[in-house]
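Worksheet for the structure shown next.
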Amino acid sequence: MQGLFDRFPRLRMAIVEFGAGWVPNVLHSLEIAHIQNKGMFKRNPIDTFHEHLWVAPFVEDNAATMAQHMPVERIIYGSDWPHGEGLAHP
């Protein structure tokens, strides 16, 4: 919200080991902030989010729901196998 991606337009981030349940709420909050604070953002913050962030949902997260909020090419999967929360074949 302080122009990080405006200052560093080539910066990309992957959010891993945090799940994806938070994404809808953050996008909603960004939408509200954008509507209520004209001029706060140089561009739509949701577009910026989608351009610069990749998110790795937990295996329990609903991929179809996630795809309603994120471009599918920004949803990444991995595994910490053989750790308890990982899968041999994610």
Could you tell me whether any residue of segment 31-38 is open to solvent by less than 60 Å² (accessible area, probe 1.4 Å), modelled with pLDDT under 95 and in a loop (DSSP other than H, G, I, E, B)?
no
Hey, Phe18 hits all of (1) outside any loop (DSSP other than H, G, I, E, B); (2) closer than 20 Å to Asn62 by Cβ; (3) of a type in the set (Phe, Trp, Tyr) but one; which does it fall short on?
(1)
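Ile46: part of a helix (DSSP H, G or I), free of Cβ contacts under 8 Å to residues at least 12 places away in the same chain and either of a type in the set (Val, Ile, Thr) or surrounded by 15 or more Cβ atoms within 10 Å (Cβ to Cβ) (or both), yes or no?
In short, no.
Ile35 - would you say it is aliphatic (A, V, I, L, M) and without any contact (Cβ under 8 Å) to a residue 40 or more places away in the chain?
Values: aliphatic (A, V, I, L, M): yes; without any contact (Cβ under 8 Å) to a residue 40 or more places away in the chain: yes.
Yes: the conditions hold for Ile35.
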Check off (1) within 24 Å of Ile76 (Cβ to Cβ); (2) open to solvent by 90 Å² or more (accessible area, probe 1.4 Å); (3) touching a helix residue (DSSP H, G or I) at 6+ places or on another chain (Cβ under 8 Å) for Arg10 and give me the number that stays unchecked.
(3)
Kindly provide the set of residues from segment 51-67 that are modelled with pLDDT of 95 or more, open to solvent by 40 Å² or more (accessible area, probe 1.4 Å) and either of a type in the set (A, V, I, L, M) or touching a Lys or Arg at 6+ places or on another chain (Cβ under 7 Å) (or both), ordered by number.
Trp54
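The values are calculated or read from the model by the stated rules, or taken from the named source; none is laboratory data. Note that the structure is a prediction, hence the values are computed from the model and not measured. As a convention, Cβ positions derive from the backbone with ideal geometry for all residues, glycine included, and neighbour counts pool all protein chains shown. Side chains included, ligands, DNA and RNA excluded: accessible areas come from the protein's heavy atoms. Shrake-Rupley method; radii C 1.70, N 1.55, O 1.52, S 1.80 Å.
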